[in-house]
Ligand SMILES: [Zn+2]
């Protein structure tokens, strides 16, 4: 029991580094992976299409996002994301999904994990970096690693 409290405290700290409003709901170890369920505690948010505030929740869905490992466990965040109604009649959208600052749009990993992968893969072949990343950070496909490395190399040259 005491051990569990320690783990929960530690996970909370790590989750709050992503976003102060993230709340830990539950966690589960399966194999070498720690699944952490979180949600933001905000009651309202700004519509990204028109900038108006909304507090009318339409629905919720789960985003599965890889994050940095905790101790020897790979981490997968199950983020309960809210969909809000936009009540602005002039807005181009009736609903919008809550955005998270720590995930780049359409990404399936946190920005801090992405940065770590790029850093860990510097100067390595895609094959070598795949094995380093998959052994120590997260289960990431060849395609994703290649894409990250290409993107990073091209931005280095700019
Ligand atoms: Zn709107």
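The values are calculated or read from the model by the stated rules, or taken from the named source; none is laboratory data. From a predicted model like this one, the values you see are computed outputs, not experimental measurements. Cβ atoms come from the backbone with ideal geometry, glycine included; neighbour counts cover every protein chain shown.
For the range 27-49, filtering for residues that are within 16 Å of the ligand (Cβ to nearest atom) and within 18 Å of residue 105 (Cα to Cα) leaves 5.
Restricted to the range 17-111, the set of strands (runs of 3 or more DSSP E) holding at least 1 residues that are modelled with pLDDT of 95 or more and touching a helix residue (DSSP H, G or I) at 6+ places or on another chain (Cβ under 7 Å) comprises 22-30, 33-40, 57-70. Scan the range 147-158 for residues that are under 12 Å from residue 121 (Cα atoms) and at pLDDT below 85 and the total you get is 4.
Whether any residue in the range 120-139 is touching a helix residue (DSSP H, G or I) at 6+ places or on another chain (Cβ under 9 Å), under 30 Å from residue 49 (Cβ atoms) and exposed (fewer than 14 other Cβ atoms within 10 Å of the Cβ) is what I want to check. No: zero hits. Would you call residue 57 farther than 30 Å from residue 118 by Cβ and within 16 Å of the ligand (Cβ to nearest atom)? So residue 57 fits the description; yes. For the range 78-105, a residue qualifies if it is out of contact with any strand residue (DSSP E or B) (no Cβ under 9 Å at 6 or more places or on another chain), without any contact (Cβ under 8 Å) to a residue 12 or more places away in the chain and either closer than 10 Å to residue 45 by Cα or near the ligand (Cβ under 10 Å from one of its atoms) (or both), and exactly one does: 89. Against the conditions (1) within 12 Å of the chain's Cα centre (by Cα); (2) away from the ligand (no atom under 16 Å from the Cβ); (3) surrounded by 11 or more Cβ atoms within 10 Å (Cβ to Cβ); (4) in contact (Cβ under 8 Å) with a residue 40 or more places away in the chain, residue 116 satisfies every one except (1).
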